[in-house]
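A short write-up of the structure that comes next.
The values are calculated or read from the model by the stated rules, or taken from the named source; none is laboratory data. Predicted, not measured: the structure shown is a model, and the values here were computed from it. Methodologically, a virtual Cβ is constructed for each residue, glycine included, from the backbone with ideal geometry; neighbour enumeration extends over all protein chains shown.
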Amino acid sequence: MRLTVLGGCGAWPTAVQACSGYLVEYDGFRLLLDPGYATLPRLLHHHTVDAVDAVLVSHGHPDHCADLNPLLRARALSDDPPPALPVYAPRGALDAVLALDKPSMLAAAYRLHEFEPGDRFEIGPFTVGTRLLPHFVPNAGIRLGTPRGVLAYTGDTGPSTDIPLLAEGADLFLSEATHLHRVPAVDAPYLLTARLAGRYAQQADAARLLLTHLWPGTDPITARETAAELFAGPIDVAVPDLVVEPAS
């Protein structure tokens, strides 16, 4: 399994960092995980739009799904449109982004598969396990399994005892870490810190931790050091074009 970071910025993109977006590849299959703001240009540095085999979205906030619209436009309006793109998302999560264009314009470009967090299913060679994790909107924590490794991804979440269960024994734990040590009180039930991400990675006995969804302007070195206070394994911070190959 191979993960390429397209972006890892929380809330909005910056001049150098797209929002959440990850390309996960295994056995020739390319799964686009959370195409947030400004991730399509990063994807195009690596592949053409018709190289994506499926899309999986954790929740409906635009910093995790907004660039689904230009991805579908680029496929639908090309001279030789590729087959309909399978798109998986929690029920209702993509209503807003899919309504940006008249339905007939993009209808042939995708096949929507909606699920409830907690469901299990398959996408190409990946087995997908999901868990409902606390956020402002319904959010699916995602566990991708292959014969060669496991990737666990929080989407956006607040503190939960389900997080170390989601990431148990994962080869790579991709965790949101919006803040460093403390989340403002009003958002505390719905977001994590780098310190908490480190704690959950340690509890889960994950092999490697990848911090993502940092608030714009957060120093990545400080985020890494903060997570390392509680996690003894290797830690990276999601930056564009970072490639990680988790494997058992």
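Observations
- Of all residues making up the stretch 36-48, the number that are in contact with a Pro (Cβ under 9 Å, 6 or more places away or on another chain) and closer than 26 Å to T130 by Cβ: 7
- A single member of A201, A170, A247 is crowded, with 24+ Cβ neighbours inside 10 Å and part of a loop (DSSP other than H, G, I, E, B), and it is A170.
- Residues satisfying the stated conditions in the stretch 43-99, i.e. in a helix (DSSP H, G or I), within 17 Å of the chain's Cα centre (by Cα) and acidic (D, E): D63
- Number of residues in the stretch 55-89 that are touching a strand residue (DSSP E or B) at 6+ places or on another chain (Cβ under 6 Å) and of a type in the set (D, E, K, R) equals 1.
- Residues being more than 10 Å from the chain's Cα centre (by Cα) and either small (G, A, S) or surrounded by 24 or more Cβ atoms within 10 Å (Cβ to Cβ) (or both) - total across the stretch 7-21: 5
- Restricting attention to the stretch 31-45, the residues that are touching a strand residue (DSSP E or B) at 6+ places or on another chain (Cβ under 8 Å), closer than 16 Å to R73 by Cβ and hydrophobic (A, V, I, L, M, F, W, C) total 3.
- For the stretch 212-244, the set of residues classified as crowded, with 18+ Cβ neighbours inside 10 Å and in contact (Cβ under 8 Å) with a residue 60 or more places away in the chain consists of T212, H213, L214, V237, A238, P240, V244, listed by residue number.
- Comparison of A109, A89 shows that the only residue that is under 22 Å from F29 (Cα atoms), aliphatic (A, V, I, L, M), in contact with an Asp or Glu (Cβ under 7 Å, 6 or more places away or on another chain) and crowded, with 20+ Cβ neighbours inside 10 Å is A89.
- Candidate set from the stretch 22-42 (those that are part of a strand (DSSP E or B) and touching a His at 6+ places or on another chain (Cβ under 8 Å)); member that is surrounded by the most Cβ atoms within 10 Å (Cβ to Cβ): L23
- Matching residues in the stretch 2-33 - criterion: being among the aliphatic types (A, V, I, L, M) and at negative phi: L3, V5, L6, A15, V16, A18, L23, V24, L31, L32, L33
- Pairing residues of the stretch 52-80 that are more than 23 Å from N139 (Cβ to Cβ) with residues that are aromatic (F, W, Y), at Cβ distances under 7 Å and at least 6 apart in sequence or on separate chains, gives D53/F29.
- Close contacts from the stretch 135-163, counting a first residue that is under 22 Å from L180 (Cβ atoms) and surrounded by fewer than 24 Cβ atoms within 10 Å (Cβ to Cβ) and a second that is of a type in the set (A, V, I, L, M, F, W, C) and at pLDDT 95 or above, with Cβ to Cβ under 6 Å and a gap of 6+ residues or different chains, come to G158/L191; S160/L133.
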